[in-house]
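Working notes for the structure below.
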Amino acid sequence: MSTQYAFRAQKASGVADGPSWQPTAQVAPETSDVRCYAYSPNGEYFAYALASGVHLIPSSSSSSAPSHVLPAPAAVAAAFSPLSKTLFTFERPVKSDTDVHKNVRAWDVVSGEEVAGWHQKTFDDWEPIITQDESYLLRPSSSDLLVFSPPLSARPSIRLKGDAPIKGLFLSSPAALPQGTTNARPVPAHSEPAVAVWLGEKKGAPARVQLYPLSQLVAGGGDPEKTENRDLPTALARKAFYKADKLSVKWNKAGTMALFLTHTDVDATGKSYYGETNLYLVSLDGSFDGLVDLDKEGPIYDFCWSPTSREFSVCYGYMPARTQLFDSKAKPVHSFGSQHRNVLLYQPQGKLLLSAGFGNLAGGVDVWDVSTRQKVAEFKASNSSSCEWSPCGRYIMTATLSPRLRVDNGIKIWWCGGQLLHIHPQEHLYQASFRPVLVKDTQPFPAVVPQAPEPNESVALYRPKGEVSNGGESKPAGAYRPPGARGTLASDAYRRDDEASSGASTPTPMFKGGKPAQRYVPGHGIPGAGPPGSATPGGGKDADKKKRVRSKRPLKDGAEGKESEANTPAEVAEQVAKVQIGEDAGAVDEAVAKKVRNLTKKLKAIEDLKDRIKKGDTLEKTQLQKIEGEAQIRSEIEALGGSS
């Protein structure tokens with residue numbers, strides 16, 4: 001299956017196949033006002049919603065899969081089941097006095113018929129939670145967890161009651177990379193899926209995340225005609241915490257451990273305007289749970305598991321943020337340094353790690369070899385708001401989407417080595433993504449990054465002038481330095497130690513002492529002397545007095561006498577003149593050139609006045625006087641060495 005991406009914009013939508021990246025005929029080029037689109041997990045089907053209905057088509061022209069137009073004109077979102085057998089659509093809920101509005105509808109992919117439906121209040125968590133073998137569907141309801149088996153049955157087979165409100169469910173999908181996909185040995189997949197249940201605070205009790213193997217939740221629920229009611233069982237692993245307004249959970253690929261990030265809207269300590277974040281690691285068997293200890297203060301921007309399930313990376317700390325690699329016991333393994341980054345993405349094969357700075361950052365992107373800890377590529381994707389790896393691990397897509405940014409919308413395809421291969425400008429671009437493949441179908445990636453193919457003509461046509469696309473390292477801009485301080489070392493008072501192991505920060509002093517030093521201009525002073533106002537040991541008024549007394553004494557023979565002769569006012573003046581002549585030569589040349597340019601402008605103005613006289617225009621007295629001074633201006637230009 002070739003690499004393919006889909007895009008959705010206000011006036012156009014479609015799919016494009018690599019490596020030419022030309023839009024195919026699967027979606028008509030004039031298709032506009034697409035509300036949403038979705039790929040099936042195996043990449044075989046592509047669905048997009050229009051006002052006329054949801055179009056379900058094969059993603060490739062060579063596929064024999066059937067096409068359907070589903071009668072769902074109000075659909076605003078779509079998602080497929082794990083085995084790509086069912087398409088789910090979501091519509092905005094509508095109040096009805098008679099029947100309950102079933103705004104989540106299930107469609108059979110092969111026949112195109114509607115097979116089930118139910119009411120869903122909110123859009124945020126509308127997607128059905130279905131096990132990867134499509135045996136069970138889980139749905140939270142207040143403080144109850146409903147289990148449906150088969151997934152599309154009208155009545156739940158099990159109702160599990162919790163002792164606190166259920167605020168979220170997170171299901172694992174255990175899988176392992178195929179042998180030979182990567183040079184690292186992946187963790188074997190767990191034998192069954194697992195569920196992380198987020199229970200909120202209640203009556204002073206802390207919130208908690210509880211981990212269950214699926215078999216522990218569904219045991220005994222075999223009658224689809226009768227709902228079995230019981231309490232949530234005791235969890236094998238759990239972690240309690242008080243501070244959590246938001247929670248995000250990421251299972252590793254093997255389904256054996258989970259990372260979850262807690263986020264509070266307000267930081268009670270007052271250290272951060274954006275709230276407080278904490279990262280926890282919990283194993284399914286209960287052998288490990290704890291807080292991931294980070295050595296730098298600041299928010300946690302992103303975290304992700306390696307596809308091998310043996311390690312994970314975290315981007316954290318005040319800018320420039322630090323990217324750190326941890327093992328499965330939350331111990332730091334390697335630091336990738338501090339950069340302005342806030343996005344982390346592992347290559348599907350797990351060999352490469354991408355760290356990028358998007359959003360309000362400049363768009364710098366680094367690609368690291370995880371095994372050698374070496375940087376293999378660095379490029380800049382300015383204004384990007386979306387980024388992802390292709391399933392083959394060879395391409396990187398960056399996109400500038402609306403409404404995050406309403407100008408320069410479009411898609412860029414990069415090689416994994418940092419070379420820009422394709423530019424697809426598209427006004428009002430809303431969505432873009434690669435066609436997925438199943439984990440078992442992941443293609444192997446070579447030990448060495450392969451050579452990049454030739455970029456297509458769009459790169460030369462649309463690339464901004466001055467932008468480099470060869471994947472080379474760009475020179476850092478650095479901090480602003482005033483003209484008088486350029487070419488000199490920065491003061492220690494203004495230098496921040498970002499590579500320090502401690503996360504504590506020290507306020508930057510404006511100056512040392514109670515009185516700021518006088519401004520020192522390089523070149524304006526006696527050679528060998530310090531800046532004006534600088535003190536020497538034992539200096540002060542007494543030192544100045546002694547200096548004046550010594551200057552009145554008669555000169556002595558010997559070394560002291562020679563030193564005194566060398567420091568006579570005439571000698572010092574001569575040295576200063578020589579230094580200033582050398583340093584100011586460039587400034588004098590610049591002043592002469594500037595004066596010649598001004599005189600040349602006056603000559604051009606005089607020529608314009610002469611042209612007006614030839615046309616018959618009447619000039620004022622002051623304009624005639626300017627014409628009379630033409631000869632004098634030309635002589636001044638010649639005297640300065642210019643040509644008139």
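Just to verify a result, which residue in region 147-156, among those that are of a type outside the set (Gly, Ala, Ser) and surrounded by fewer than 17 Cβ atoms within 10 Å (Cβ to Cβ), is nearest to the chain's Cα centre (by Cα)?
PRO150
For LEU70, work out the one condition from (1) surrounded by fewer than 20 Cβ atoms within 10 Å (Cβ to Cβ); (2) in contact (Cβ under 8 Å) with a residue 40 or more places away in the chain it doesn't fulfil.
With (1) surrounded by fewer than 20 Cβ atoms within 10 Å (Cβ to Cβ); (2) in contact (Cβ under 8 Å) with a residue 40 or more places away in the chain applied to LEU70, the lone miss is (1).
Among SER390, SER338, SER402, which is in contact (Cβ under 8 Å) with a residue 12 or more places away in the chain, in contact with an Asp or Glu (Cβ under 9 Å, 6 or more places away or on another chain), hydroxyl-bearing (Ser, Thr, Tyr) and farther than 23 Å from TYR318 by Cα?
The match here is SER402.
Could you check, for region 298-312, whether at least one of its residues is assigned to a loop (DSSP other than H, G, I, E, B), charged (D, E, K, R), at pLDDT 85 or above and within 15 Å of LYS329 (Cβ to Cβ)?
Yes, that holds for at least one residue.
List every residue pair whose Cβ atoms lie under 8 Å apart, where the two residues are 6 or more positions apart in sequence or sit on different chains, the first residue falls within region 621-641 and is surrounded by fewer than 11 Cβ atoms within 10 Å (Cβ to Cβ), and the second residue, located anywhere, is aliphatic (A, V, I, L, M).
GLY641/VAL592; GLY641/VAL596
Of everything in region 345-373 that's among the aliphatic types (A, V, I, L, M) and surrounded by fewer than 20 Cβ atoms within 10 Å (Cβ to Cβ), which residue is modelled with the highest pLDDT?
Checked region 345-373; the qualifying residue modelled with the highest pLDDT is LEU345.
Looking at ASP124, ASP144, which is the one that is without any contact (Cβ under 8 Å) to a residue 24 or more places away in the chain, farther than 30 Å from SER328 by Cβ, of a type outside the set (Lys, Arg) and surrounded by fewer than 15 Cβ atoms within 10 Å (Cβ to Cβ)?
Only one candidate qualifies: ASP124.
So is ARG322 basic (Lys, Arg) and crowded, with 22+ Cβ neighbours inside 10 Å or not?
yes
Which residues, taken from region 409-449, are in a loop (DSSP other than H, G, I, E, B) and either basic (Lys, Arg) or over 23 Å from VAL367 (Cβ atoms) (or both)?
Those that are in a loop (DSSP other than H, G, I, E, B) and either basic (Lys, Arg) or over 23 Å from VAL367 (Cβ atoms) (or both): ASN409, GLN426, GLU427, HIS428, ARG435, LEU438.
Conditions (1) under 25 Å from LYS412 (Cα atoms); (2) surrounded by 14 or more Cβ atoms within 10 Å (Cβ to Cβ), marked per residue:
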{"site": "ALA38", "(1), (2)": "yes, yes"}
{"site": "PHE46", "(1), (2)": "yes, yes"}
{"site": "VAL54", "(1), (2)": "no, yes"}
{"site": "SER61", "(1), (2)": "yes, no"}
{"site": "ALA79", "(1), (2)": "no, yes"}
{"site": "PHE88", "(1), (2)": "no, yes"}
{"site": "PRO93", "(1), (2)": "no, yes"}
{"site": "GLU113", "(1), (2)": "no, no"}
{"site": "TRP118", "(1), (2)": "no, yes"}
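If you take just the strands (runs of 3 or more DSSP E) that sit entirely in region 45-150, which of them hold at least 3 residues that are closer than 21 Å to THR31 by Cβ and touching a Ser or Thr at 6+ places or on another chain (Cβ under 6 Å)?
75-80
Mind listing whichever residues of region 409-431 are over 29 Å from VAL448 (Cβ atoms) and surrounded by 22 or more Cβ atoms within 10 Å (Cβ to Cβ)?
ASN409, GLN426, LEU429
Among strands (runs of 3 or more DSSP E) lying entirely in region 185-297, which contain 1 or more residues that are hydrophobic (A, V, I, L, M, F, W, C), touching an Asp or Glu at 6+ places or on another chain (Cβ under 9 Å) and under 24 Å from ARG159 (Cα atoms)?
Those strands (runs of 3 or more DSSP E) span 194-199, 207-213, 237-241.
State all residues of region 160-191 that are over 31 Å from the mean Cα position of the chain (by Cα) and surrounded by 17 or more Cβ atoms within 10 Å (Cβ to Cβ); if no residue qualifies, say none.
Those that are over 31 Å from the mean Cα position of the chain (by Cα) and surrounded by 17 or more Cβ atoms within 10 Å (Cβ to Cβ): LEU160, GLY162, ALA164, ILE166, HIS190.
So how many residues does region 360-389 have that are under 18 Å from PRO348 (Cβ atoms), under 17 Å from the mean Cα position of the chain (by Cα) and among the hydroxyl-bearing types (Ser, Thr, Tyr)?
The total comes to 1.
I'm trying to understand the selection: among the residues of region 220-234, which are farther than 16 Å from SER143 by Cβ and either under 43 Å from the mean Cα position of the chain (by Cα) or at pLDDT 85 or above (or both)?
Scanning region 220-234 gives a single hit, THR234.
The values are calculated or read from the model by the stated rules, or taken from the named source; none is laboratory data. Being a predicted model, the structure only gives us computed values, none of them experimental. With ideal geometry, Cβ positions are generated from the backbone for all residues, glycine too; neighbour counts draw on all protein chains shown.
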